[in-house]
Amino acid sequence: MGTLTLIEPHGGTLCDLLLQGEELQRVQQEAINLPSLTLTPRQLCDIELLLSGGFSPLCGFLSKQDYDSVLENMRLSDGTIWPMPITLDVNEETASDLKEGDKVALRDQTGLLLAVMTLSDVWQPNKELEAEKAFGTTDKAHPAVAYLFDQAGDYYLGGTLEGIALPIHYDFLELRKTPKQLREELEQLSADKVVAFQTRNPMHRAHKELTDRAAEEVDGHLLIHPVVGMTKPGDIDYFTRVRCYKELLKNYPEGRAKLSLLPLAMRMAGPREALWHCIIRKNHGCTHFIVGRDHAGPGKGSDGEPIYGPYDAQELVIQHQEEVGIQMVPFKLMVFAPAEEVYKPIDEVKEGEETLSISGTELRRRLSEGEDIPAWFSYPDVVAELRKTHPPKNQQGFTIFFTGLSGSGKSTVANALMTKLLEVTGRPVTLLDGDVVRTHLSKGLGFSQEDRSTNVQRIGFVASEITKHRGIAICAPIAPYEADRNANEDLIKSYGGYIEVYIDVSVEVCEERDTKGLYAKARAGIIKGFTGIDDPYEIPKNPAVSCQTDKETIEESATKVLNKIFELGYLEK
Ligand code: PPS
C-alpha cells in the first residue's frame, strides 16, 4: 500500500506510492513469481501519475465500485470528487486468468518492473455507458471514444499499487518534475500563488499574453505545464513543442514563469477533463489554473458540430473549484487588435474593431507552403523551432504509390518517373517495385489476402521511413486492397507527401499483353488467386493521378505524374 505524505503549503495530501528500503526489496522479490502485464503507452502515462501522486487521491486503478461511482457522479465511492475513469484495461484472455485478490507485476515494454497491483476487481465494463457518461457521446470522432471502442481491452482490472519505479525517460530530464519535486521547487521560490497553464499545442504570442495577464491577475508565479504524454492524434510532437516552450520562456520577465512537463495521457474530455486537470495541478502545488475556450476539446463530432460547448469546461470547474481547492482563472479567446497592436480577450473587442488571428490549421498551411508567419502572431525563435520539424513542402519527403493490375505498366512508368526525378533533383530516390520487393523485403510471402496485406504494408512502412527522412520513395506493387492502401497513406502522410497513382488499364488489356505469361497460367488454373482473374482488385476511389498506358505513351504517363508532383509543391521548378 502506498504511503501518504503531507507537504504544505501547496496542494494538501499527496499519495506517494513508491516503496523504499526493505519493503521495496520484499515486493521486488515477490514480483518474480507473479504473472506479468506489459502496460500500453496510455497505461504507462496513467501509472506514472498514479505512482508519483499526480492522480492523488487515487492509490491505484479504479475498483469497480469507484468506476461506477465516477461515471455516475464524478466522485469516488467515498464521495471524493474525481471525474475521470482511470482503468487498467486487458483482453479477455488475460482477464480469464485473473481474479480478485491476485497480485500482478506491471511492467513497461522492456520488462522493467514498475509496480505490483493487488486486484480488487476484474470486470467487463459497459463501454457504451462509459462513453456516454465520461465523454458525453458514443461518437468515435471523439478520440477517447475511439480509443475505448477500438483499442482498449474489454475487461478492466481494479486495485491498489505498490510502486517500484517510475517509467524511465531519457529526454528533457531537467524539465520532468514529479508533484513532490515541483512542490518543493515552488516552496523554495516562496511562491504562495502559482497559476498553471495547460497546453498540448505550441505556444505563441496569444498564449504569452494570456498567461501574463493570468499571472498578474493572481499576483503569482506562472507554471507552464504542457502535456507530453498522449495528446490528440495529429498534434505536433512534444519534442518540437518543448523546444518551442523553451524559446518562449525567454520572453517572460525574469523569475515569473517556470516550465515543467506533465506525462499525462489526455482524453480530450472537455469539462470532465478540465476538472481532472485542476486536481492534477493542485497535486503539483498550484493554487490557480487557467481554463480557456474549449478546454481539452475533442473537436467536432461526425455530425460536424462541436462535441462540447466552448465554455462548458469553465462552467463545470466553477461548480467544483472550491471543493477541489484550486481557483480557476477563466479566459476568453485572445485575439490581436492591430490598431492598438495588443492582444485582448474577444469580449473586450469594441464593435467594428478589426481583429486578427491565425488558426492551427492555417499555421500548418503556412509552414507547409514556407509562407511568412507574422511577428504579431509568434516569436521568431519559436517559429524557427517549428520550421525545423515542419519544413515547407519542397523540402519534405514524399511517396509516389503506384497501384494497378499485373501487366498494367506500373514498373515501366515507375522506372521512367525515377529517371525523370533523378534528372531534375539531387534528392535520393528509392524504387520499391513489386517484383523486386518480393525477392528481398517480402521474400517468402505468397499471394493470400493476408500475405498481400503484409507485403503492401511492409512497402508502406519502408516508404514512410524514406519519407520521414525527406527522401523520395516510389512504390509499385499491385496493392489490390483499399484498406492496405489507406493504412499506408495515413502512415506516410504523417511524415510528408503521399501521391497515389492508379495505372488504369483493364484486365482485358493486361491479359492480352500477358508479358510474363501469367494470365495464361491463371486461366489454365496453374496459378490460383491471380489478381483480376480469381482474386479481387479494388479500384482506387480518389487517386491523385490516373494513367492509361493503353492510350498514352510511357513518357506521357511519367510526365503526368511528374507534373502532379510539381503542382502539389513537393518539387520546385
Ligand atoms: S501484391 O498483391 O501487391 O502483394 O502483389 P505484388 O507484390 O505487386 O506482386 C505482384 C507480382 O507477382 C506476380 N504474381 C502475382 N500477381 C498477382 N496475383 C498472383 N496470384 C500472382 N502470382 C505471382 C506478378 O508477376 C506480379 O508482378 P507485376 O509486376 O504486378 O506484373
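The values are calculated or read from the model by the stated rules, or taken from the named source; none is laboratory data. Computed from a predicted model, the values in this text were never measured in an experiment. We place every Cβ from the backbone using ideal geometry, glycine too, and count neighbours over all the protein chains shown. Heavy atoms of the whole protein, side chains included, go into the accessibility calculation; ligands, DNA and RNA do not. Shrake-Rupley method; radii C 1.70, N 1.55, O 1.52, S 1.80 Å.
Quick notes on this one:
- Among the candidates T399, T439, T430, the residue that is under 20 Å from Y495 (Cα atoms) and surrounded by fewer than 17 Cβ atoms within 10 Å (Cβ to Cβ) is uniquely T430.
- Long-range neighbours under 8 Å by Cβ, at least six apart or interchain, first residue more than 15 Å from the ligand (Cβ to nearest atom) within segment 528-554, second part of a strand (DSSP E or B) and hydroxyl-bearing (S, T, Y): P543/T403; P543/Y502; V545/Y502; S546/Y502
- Yes/no for L262 being more than 27 Å from L106 (Cα to Cα) and either in contact with a His (Cβ under 6 Å, 6 or more places away or on another chain) or open to solvent by less than 60 Å² (accessible area, probe 1.4 Å) (or both): no
- Test: N486 is part of a helix (DSSP H, G or I), without any contact (Cβ under 8 Å) to a residue 12 or more places away in the chain, within 16 Å of the ligand (Cβ to nearest atom) and within 30 Å of P392 (Cα to Cα): yes
- Across segment 497-521, the number of residues qualifying as in contact with a strand residue (DSSP E or B) (Cβ under 9 Å, 6 or more places away or on another chain) and open to solvent by less than 10 Å² (accessible area, probe 1.4 Å) comes to 5.
- Members of segment 402-446 that are touching a Lys or Arg at 6+ places or on another chain (Cβ under 8 Å), within 11 Å of the ligand (Cβ to nearest atom) and either of a type in the set (V, I, T) or touching a residue at least 60 places away in the same chain (Cβ under 8 Å) (or both): F402, T403, G404, S406, G407, V437
- Meets criteria (modelled with pLDDT of 95 or more and in a loop (DSSP other than H, G, I, E, B)) for D303: yes
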